[in-house]
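Below is one structure, written out as structure tokens; the observations come after it.
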Amino acid sequence: MQFGNNRWVSVSFVEAIVLCLIASFRLINIESTITLLIFNLLFTSLIFQLKGAVNKKLFLLALGNIIGLFWSYVFCSVSAVGTSVFGDGFNSIYAIFFPFLNFTWVVSFWSLSLAVLTPQANAGTEAKA
Amino acid sequence: MIIEALEIIFLFCTLLIVTYLVRHYIFTVAVLRKDKKTAKPKAVLAVNYEPTVSILIPARDEELVVGRLLQRMTQLTYPHDKMQVVVIDDASSDSTGQIAEEFAKRHRVIEVLHRDQKTGGKGKAAALNAGLKRAAGEIVLCFDADYYPQKDIVEKLVKEFVDPAVGAVQGRPVVLNEAQNVVTRLVTLERIGGYRVDQEAREQLGLIPQFGGTVGGFRRSIVEKFGGFDESMLTEDTDLTFTLYLAGYKIRYAGDAECYEEAVDGWKAYWRQRHRWARGHMQVCFKHAFSVLRSRKLNLKEKIDGLLLLNMYFVPVVTLVAFLVGVSLVLYGASQFFSVLWLFVPVSFYSLAGNFAPFFEIGIGAYLDGRTRIQFLIPLLFLAYMYNILICTKALLDLFAAKMLGKKQVNWAKTQHFGDRNRYIMN
């Protein structure tokens, strides 16, 4: 991924992140917005300290927000359909497991982002099966 | 009324979980900052400090691995006239004793201490105490029989004792058989979180680096003053950590002193090892928690870190309680505030039980170690944590049962080692 340090590219990534946060709050629920905020906080405070181009990290952060938004939207839709078909019991099950499902994308995306950002020079030193 | 009680329990459990998450977030930030400042690893200090050193190797039925370690002992670069290696053959029923004797015949630096069925087999702490009586060195280092250290590890560990306030030092274990299967890879992640970030951050922030009982050492005079290791403890290393700190000594973490270890390679062996650790850690918590609170030798941040460290193995039990109570609250219609708090419970499920390193800390640790592929396994921490919830809950129940029934708690619940991981060692 080559984004250089183009300021406009950075601005568009930041815009995408803000739009995702607004959309999750207005269209989905507060829990999905808080999950996105936790993800953004961890990402900006930890991953942004690592080596690599800022725009590459911003791209990953924006991508994470888009995936998170999409993920929450899909599960909210499943909840709405499930509740109308199976009744309120489905909604309770959804409420219990939604945070666990929500963090599935956070953790997976976190590990993928770090794998992408790890300097290739070190990658060869790993144990191979 | 019941709902309010459940809400209070849930609030308490979640706050505890959040406290640990914040603590490990601080650890991660501290290590990242340090890494930015010092790009190169710490070099061995060029000080002329070469105290006499005794290396204790407690071994019980370790015929498959002890030879590998003893061979390495003969290759250590520390002056051999200032070094003594004591193998404690603790009532082994295999040929551990004979192998050690053969090495002792060929190398003057190696001695063997045999303990028969009557005197031996009473646990690692008892074996170390026996070895301590034979030890003549000013500094005593300990290695488990399945370990394989760097040639200059003694220099790297011993240099920390230049400071007279240092009572013990801890090096870094690195998993030798990482590529074997998913269990060994998860243990590798655990070691990365525990040592590359946790221990490093504690050292950095002036908290309480933990003495791990192996790949580490202590001043003989201090431990002798305490009367040796407490043989009633299952985790004598954690006990020594707190005994030292409560007596006003410090422990240093030497991250550049690396030593290979054989990680457990199956879920059953993992259960046995972690169950012993969890139970032992809980024992130490009951022994030292109040002393840590009252201590005048510890500052506030050491007290906080000490208490969080002591309570580490209770956290999986707390998350189980938080989950069960949280489910009840969701079903009975909890307020919005609690549904937001409910979000923090799953974060803890993507952590490691042994050091409560959450996924973000492990990821950063693996990055700092230059690891790419192992990052892909981080989502699997969820399964490992669920397993650890069962382990820690069982350990707690067993500890209570043992207390109530007055059962003896210490034996050699040792991990079986196979020695077929020599293929991973490339000299």
query = In the stretch B:1-45, how many are out of contact with any strand residue (DSSP E or B) (no Cβ under 6 Å at 6 or more places or on another chain), over 26 Å from B:Y332 (Cβ atoms) and at pLDDT below 80?
reply = 9
task = Would you be able to say whether some residue in the stretch B:369-383 is within 10 Å of another protein chain (Cβ to nearest Cβ), acidic (D, E) and surrounded by fewer than 24 Cβ atoms within 10 Å (Cβ to Cβ)?
result = yes
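Please state which one of B:V154, B:V215 is crowded, with 22+ Cβ neighbours inside 10 Å and on the phi > 0 side of the Ramachandran plot. Before you say what the answer is, go through the steps one by one.
Working: B:V154 fails: on the phi > 0 side of the Ramachandran plot.
Only one candidate qualifies: B:V215.
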remark   = Result of the Cβ filter at 8 Å on the stretch B:217-228, keeping first residues that are assigned by TED's automatic domain parsing to the domain that holds B:V158 and over 14 Å from B:L157 (Cα atoms) and partners that are assigned to a loop (DSSP other than H, G, I, E, B) and among the aromatic types (F, W, Y), at least 6 apart or interchain, is B:I222/B:Y249; B:V223/B:F229
request  = Give the stretch B:105-135 a look and list any residue that's under 26 Å from the mean Cα position of the chain (by Cα) and surrounded by fewer than 17 Cβ atoms within 10 Å (Cβ to Cβ), or say none.
outcome  = B:K133, B:R134
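For B:L343, indicate whether it is over 23 Å from the mean Cα position of the chain (by Cα), free of Cβ contacts under 8 Å to residues at least 24 places away in the same chain and not assigned by TED's automatic domain parsing to the domain that holds B:V182.
Spelling it out, B:L343 is indeed over 23 Å from the mean Cα position of the chain (by Cα), free of Cβ contacts under 8 Å to residues at least 24 places away in the same chain and not assigned by TED's automatic domain parsing to the domain that holds B:V182.
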ask   = Of the residues that make up the stretch B:74-86, is at least one more than 18 Å from the chain's Cα centre (by Cα), in contact (Cβ under 8 Å) with a residue 24 or more places away in the chain and surrounded by 23 or more Cβ atoms within 10 Å (Cβ to Cβ)?
value = yes
inquiry  = Quick check on this structure: which one of B:Y313, B:Y350 is within 27 Å of A:W110 (Cβ to Cβ), buried (at least 23 other Cβ atoms within 10 Å of the Cβ) and in contact with a strand residue (DSSP E or B) (Cβ under 7 Å, 6 or more places away or on another chain)?
reply    = B:Y350
ask   = Is one or more of the residues making up the stretch B:182-205 at pLDDT below 95 and in a loop (DSSP other than H, G, I, E, B)?
value = no
request  = Considering every residue within the stretch B:259-282, establish whether at least one is within 23 Å of B:I17 (Cβ to Cβ) and surrounded by fewer than 16 Cβ atoms within 10 Å (Cβ to Cβ).
outcome  = no
Filter result (of a type in the set (D, E) and crowded, with 18+ Cβ neighbours inside 10 Å) within the stretch B:231-257 = B:E236, B:D237, B:D239
task = Go over the candidates A:F75, A:F86, A:F43 one by one and state the one that is at pLDDT 85 or above, more than 18 Å from B:S339 (Cβ to Cβ), within 16 Å of the chain's Cα centre (by Cα) and aromatic (F, W, Y).
result = A:F43
note = When A:E31 is run through (1) under 30 Å from B:Y260 (Cβ atoms); (2) within 9 Å of another protein chain (Cβ to nearest Cβ); (3) charged (D, E, K, R), the failure sits at (1)
query = Just checking, which of B:V162, B:V140 is away from chain A (no Cβ under 14 Å), surrounded by 19 or more Cβ atoms within 10 Å (Cβ to Cβ) and either farther than 28 Å from B:G248 by Cβ or in contact (Cβ under 8 Å) with a residue 40 or more places away in the chain (or both)?
reply = B:V140
ask   = Any residue in the stretch A:2-12 that is away from chain B (no Cβ under 13 Å), in contact with a Lys or Arg (Cβ under 7 Å, 6 or more places away or on another chain) and either hydrophobic (A, V, I, L, M, F, W, C) or touching a residue at least 60 places away in the same chain (Cβ under 8 Å) (or both)?
value = yes
remark   = From the option list B:A395, B:A402, single residue qualifying as more than 11 Å from chain A (Cβ to nearest Cβ) and either without any contact (Cβ under 8 Å) to a residue 24 or more places away in the chain or of a type in the set (S, T, Y) (or both) is B:A402
query = Just for the stretch B:175-228: of the residues that are among the aromatic types (F, W, Y) and closer than 21 Å to B:N311 by Cα, which one is nearest to the chain's Cα centre (by Cα)?
reply = B:F211
Residues that are within 14 Å of another protein chain (Cβ to nearest Cβ), among the polar types (S, T, N, Q) and more than 15 Å from A:T118 (Cα to Cα), drawn from the stretch A:36-75 = A:N40, A:T44, A:S45, A:S72
inquiry  = I'm checking my understanding of the structure. Among residues of the stretch B:175-185 that are surrounded by fewer than 21 Cβ atoms within 10 Å (Cβ to Cβ) and not polar (S, T, N, Q), which one is farthest from B:D144 (Cα to Cα)?
reply    = B:V182
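The values are calculated or read from the model by the stated rules, or taken from the named source; none is laboratory data. Please read these numbers as outputs of a predicted model, since none were measured by experiment. Here Cβ is always computed from backbone atoms with ideal geometry, including for glycine, and neighbour counts include all displayed protein chains.
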